[in-house]
Amino acid sequence: MTKTELNIHFSEELDRGFAYGEACFETFRVIDGEIFGWPQHAARLTSGLAEFGITLGDEQMASVYQQALRAAASSGGSALVRITVSGGLAAWGLRSASKGVDIYIQSQPYAPSGEPVVLQSVNWPFALKPRGAKFSSDYSDTLRAYQLWKNEGMEASVMPLICSDGIILSTMTANVMIYYDEKWYTPECESGGVLAGVIRNHLVTHAAVHVVECLQIWTDQCEAMALTNSGFFVQPVSSIDGRVLDVNHDAFELLYQSLRGEKGVPEL
C-alpha cells in the first residue's frame, strides 16, 4: 500500500470552498482562442453561485472569460481549462462572511486518452438530488461512490456507468447518449442525478438526441453509445458490461453534424 504523504497547515482563516463546499466550477476546451458554448457555461456557473448568495456581475464574468483565454493561450492551441469559484477566505464558522470570492483558473494542453471507453454499470449509492450546476460538493459524493465501486471490484481501466433503480444516469464526468431503436436518447434531468452538460443540451436543442427516461436494460440492446462533455465533445463507447459496441456506427454522424462548423469545436 502506498504511504500517504502528510501535510499539516496552520491557518486562522479557511477557504469556504475547501471548508464547506461553497464552490462551483466549469471545465471546457479552448481551441485557437475559442470556447464553444461560453454563454451556457457562464449561465450555469452564475446560477450555481446564486444558490450560495454569490453574485458575479457582467463585467466580472467578462474578466473571468478573458483570464481563461489567457491561461489557455499559455497551454497551446488546444487547452483544457477549469474555472473554480470559491466562497473565499473567512473566519471559522458556517455563517462567517468572506472578504470576497476567490477564483482559480487551471489550464493544461488537451491530450485525448486514446484508450477505448469501456463502461461497467454500477448503482448510485446515495439519494438522488437535482444537479443544476457543477457544485464541488456533489463531486465529493462521486468520489465516495467511486471508492465504493473500486472496493467492490471495479477495475481501474473501466469507467462506471452510473444507474439508479434500473435507470441510467451518467458517467462520473460525462453525459450518456444511447442509440436504441434507431434514435439517440439521453437521460432526463428532472428526477435528479444528471447534470445537463453544454454539449448534451446543444445536441438536444438541435434535435440530434431525445430526452427520455433511459432504462438500464437498454445497455443489453442498444446498437451504439457515446459520452459527451466539453472536453472531448463526443466519444464513442467501445463496450458496456462486456458487450462490444460499434464505435464506427453510422449513427454517430448525426451527433457530429450538429457540432461541425461551430466555433471552438474540434474536428469530428
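Sorting Phe10, Phe28, Phe36 from the fewest to the most surrounding beta carbons within 10 angstrom yields Phe10, Phe36, Phe28. Look at the dipole of the stretch 117-259 built from charges on Cβ: of Ala251, His206, Ser157, the Cα furthest out on the positive end belongs to Ser157. Dipole magnitude for the stretch 117-259: computed about the Cα centre from +1 point charges on Lys and Arg Cβ and -1 point charges on Asp and Glu Cβ, it is near 560 debye. Computed on the stretch 70-170, with alpha-carbon pairs under 8 angstrom and 6+ residues apart, the relative contact order is 24 percent.
Each residue of the stretch 75-85 is assigned a 3J(HN,Hα), and the resulting list reads 9, x, x, 9, 10, 9, 10, 10, 10, 10, 10 Hz, derived from the Karplus form 6.51 cos²θ - 1.76 cosθ + 1.60 (θ = phi - 60°), x at Gly and Pro.
In this simple spin-label approximation, Trp92 and Ser121 carry label points 7 Å from Cα along the Cα→Cβ vector, and these lie 4.9 nm apart. Overall shape: rounded for the stretch 108-265, with the ratio a/c of the largest to smallest alpha carbon gyration tensor axis below 1.5.
Across the chain, C-alpha contacts under 8 Å between residues 6 or more apart give a mean separation that, scaled by the residue count, equals a relative contact order of 20 percent.
Centroid-to-centroid, using Cα positions, the stretch 126-175 and the stretch 43-95 are 24 Å apart. Less than 5 angstrom separates the built amide H of Tyr110 from those of Ser78, Ala79, Leu80, all sequence-distant by 5 or more or on a different chain.
For the stretch 209-226, the residues whose backbone nitrogen is under 15 Å from a point 7 Å from the Cα of Asp250, taken along Cα to Cβ, are 223-224.
Normalised by the number of residues in the stretch 125-195, what is the relative contact order in percent for Cα pairs under 8 Å and 6+ residues apart?
The normalised contact order for the stretch 125-195 reaches 40 percent.
Please give the FRET efficiency for Ser140 paired with Gln67, using the beta carbon to beta carbon distance and R0 = 30 Å, rounded to the nearest 0.05. Plugging the Cβ-Cβ distance into 1/(1 + (r/R0)^6) gives 0.70.
Between Asp165 and Gln60, the contour length at 0.36 nm per residue exceeds the Cα-Cα span by 33.6 nm. What FRET efficiency comes out for His210 versus Ala156 if R0 is 35 angstrom and r is the Cβ-Cβ distance? Round to the nearest 0.05. Once rounded, the FRET efficiency stands at 0.55. Pairs of Lys residues in the chain, spaced 8 or more positions apart or belonging to different chains, with C-alpha separations under 27 angstrom: 6 in total. Placing +1 on each Lys and Arg Cβ and -1 on each Asp and Glu Cβ, with no other charges, gives the chain a dipole about its Cα centre of roughly 620 debye. Counted as membrane-span-like here are DSSP H helices of the chain whose alpha-carbon atoms extend 20 Å or more along the helix's own axis and whose Kyte-Doolittle mean is 0.5 or above; there are none. Take the Cα of Glu223, step 7 Å toward its Cβ, do the same at Gln257, and the gap between the two points is 1.4 nm.
Every number in this text was worked out from the coordinates using simple rules, so none of it is lab data. Source: prediction; values computed, not measured. Every residue, glycine as well, gets a Cβ built from its backbone with ideal geometry; the counts of neighbours run over all protein chains shown.
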